[in-house]
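Structure, as structure tokens:
The values are calculated or read from the model by the stated rules, or taken from the named source; none is laboratory data. The shown structure was predicted, so the numbers you read here are calculated from the model rather than taken from an experiment. Cβ placement follows ideal geometry from the backbone for every residue including glycine, while neighbour counts extend to all protein chains displayed.
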Amino acid sequence: MAKIKMYKKNPCPYCDRAINLLNDKKLQYEIIDLTGKPDEIERIKNETGWRTVPIILINDKLIGGYTDLKALDESGELDLLVKD
């Protein structure tokens with residue numbers, strides 16, 4: 001199974017949508033909650049180059065945010081990325 005990691009903070013409707021999509025697909029994932037951790041948010045943004053949350057990685061590769069995750073799902077690419 002692929003290793004899925006998502007950085008999020010509250011409130012974040014796009015984070016919630018990403019969680020719902022992953023749950024609907026019955027995928028296992030790790031959530032790192034950055035709520036109230038501005039220094040950590042900046043570090044992750046600088047590390048990944050992604051400026052908004054959620055920040056989603058699959059097998060340590062940046063996927064992007066919710067819109068990117070949804071596009072991958074709609075194209076069928078997400079299923080290929082998370083296969084064994």
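On the given criteria, is residue 22 part of a strand (DSSP E or B) and of a type outside the set (S, T, N, Q)?
So residue 22 does not fit the description; no.
With respect to the conditions (1) modelled with pLDDT under 95; (2) touching a helix residue (DSSP H, G or I) at 6+ places or on another chain (Cβ under 7 Å), residue 45 falls short on a single one, namely (2).
Looking only at segment 60-71, how many residues end up being assigned to a helix (DSSP H, G or I), aliphatic (A, V, I, L, M) and closer than 15 Å to residue 5 by Cβ?
Qualifying residue count, segment 60-71: 1.
In the set (1) on the phi < 0 side of the Ramachandran plot; (2) free of Cβ contacts under 8 Å to residues at least 60 places away in the same chain; (3) of a type outside the set (Gly, Ala, Ser); (4) exposed (fewer than 12 other Cβ atoms within 10 Å of the Cβ), the condition left unmet by residue 22 is number (4). Under 7 Å between Cβ atoms, at least 6 apart or on separate chains: pull out the pairs that start in segment 67-81 with a residue that is over 18 Å from residue 50 (Cβ atoms) and acidic (Asp, Glu) and end on any residue that is surrounded by 12 or more Cβ atoms within 10 Å (Cβ to Cβ) and at pLDDT 95 or above. That search, which allows pairs on different chains as well, returns 73/21. Condition check for residue 2 on (1) touching a residue at least 60 places away in the same chain (Cβ under 8 Å); (2) among the small types (Gly, Ala, Ser); (3) surrounded by fewer than 15 Cβ atoms within 10 Å (Cβ to Cβ): one failure, at (3).
Pull up segment 51-66, narrow it to residues that are in contact (Cβ under 8 Å) with a residue 24 or more places away in the chain and hydrophobic (A, V, I, L, M, F, W, C), then point me to the one that is nearest to residue 13 (Cα to Cα). Among those residues, the one meeting the criterion is 53.
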